[in-house]
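Heads up: the structure comes next, in structure tokens.
What follows is calculated from the coordinates using simple rules that are stated; it is not laboratory data. The structure presented is a predicted model; accordingly, all values stated were derived computationally and were not measured.
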Amino acid sequence: MKFTVDYPIVLAGYDPALVTAAGMTRVAQAAEECGYDALSFSEHPAPSQKWLDAGGHESLDQTAALAFCAAVTRRVRLMTYLLVLPYHNPFLAAKALSTVDLLSGGRLTVVAGTGYLRSEFLALNVDMNARNELFDESLEVLRGVWTEVPFAYQGKHFTARGVASLPGPVQPGGPPVLIGGNSAAARDRAARNQGWSPLLVRPEVARTSRTPGIATVAELAAKIKEVRAAAARINGDAASLTIQAHTPQTSFMQRPGSVEEHRDHLGQLADAGVDSFVLRPPGTTVDHTVEALHQYAEAFLAGRQRADALRSDRAPGPRA
């Protein structure tokens with residue numbers, strides 16, 4: 001099992017020091033030194049005050065935050081969790097993402113979704129009813145400009161003739177793209193890309209994000225099996241696919257419970273076909289965040305963090 005640390009600015013009442021250079025450096029380096037696999041940032045560029053008051057969360061610009069973290073780490077992967085692709089002109093998004101991939105030495109992973117906040121689509125002057133069309137075309141553009149020079153495209157929403165988006169990303173074909181969301185459309189897209197990032201959440205809670213619920217690990221396992229089978233049909237039996245899950249126990253570090261029960265939960269997810277687990281550390285203070293990262297690593301990543309730290313020490317790159 002791999003572990004993604006979702007940066008705790010998503011929590012209400014987070015310590016303002018978490019959004020300073022010093023605070024972010026401490027958290028990013030702690031995540032790396034403890035052996036976590038990825039550090040992620042969410043995206044909400046224009047949320048409504050009503051949504052924030054109802055339990056929504058603040059956010060930073062993803063690519064700026066990830067580029068900063070790239071400069072103060074060497075090994076840990078950098079993740080958009082998730083990028084609302086319809087919000088962006090895909091040529092601008094491709095350039096921003098490839099820049100982070102370049103500056104990080106090929107450490108970017110993109111988790112992308114269609115979005116759900118109607119007020120945010122309105123503020124950004126994007127037609128929410130067209131979000132699925134925009135998503136699919138945008139993903140085609142990302143792949144195109146990352147792999148073809150020059151690149152030409154003719155779609156309903158985007159047109160390009162002879163575009164040369166250089167320099168390109170480090171990773172061949174561009175950063176891996178995982179698809180967020182629980183819908184049938186998301187699962188179909190996931191099978192055609194590099195993976196799926198579902199939410200294990202009750203239907204009544206999932207409705208707030210305009211996505212179907214997945215209530216049990218058994219239900220999740222069935223859908224993962226479906227996605228992997230579809231990927232094999234499309235790309236062959238050797239198709240590489242990553243499944244990253246967000247569950248109610250994503251907040252384990254905020255409210256620690258039984259270590260054995262949590263370890264059993266991780267084991268159930270692994271048996272279901274999950275490769276990576278999302279974690280949200282507490283954000284009350286930077287010290288508390290760092291302490292929680294270390295405590296969880298000692299309980300659940302024992303041995304891994306030492307090996308990863310050794311690899312990190314041997315890897316080239318800047319260090320703050």
Out of the DSSP beta bridges found with both residues in region 2-314, what percent are antiparallel (nearest 5)? 10 percent
In deg cm²/dmol and to the nearest 500, what is the mean residue ellipticity at 222 nm of the chain if only DSSP H runs of at least 4 residues count, each as -39500 (n - 2.57), divided by the residue total? -13000 deg cm²/dmol
Cα-based reach from LYS223 at 15 Å (exclusive), listing aspartates and glutamates while leaving out same-chain residues under 8 positions away: ASP188, ASP271, ASP275
Cross-link candidates for LYS95: which aspartates and glutamates have Cα within less than 19 Å, leaving aside residues fewer than 8 places away along the same chain? GLU43, ASP61, ASP136, GLU137, GLU140, GLU148
Set of lysines with alpha-carbon distance to LYS225 below 22 Å, sequence-local pairs under 8 removed: LYS2
Using the C-alpha atoms of region 2-314, what convex hull volume per residue, in cubic angstrom, is computed? 135 Å³
How big is D for region 144-303, in µm² s⁻¹ as a whole number, if Stokes-Einstein is applied with the Kirkwood radius of its Cα pairs at 37 °C and 0.692 mPa s? 181 µm²/s
Rounded to whole angstrom, the alpha-carbon centroid of region 25-53 lies from that of region 100-134 at a distance of 16 Å
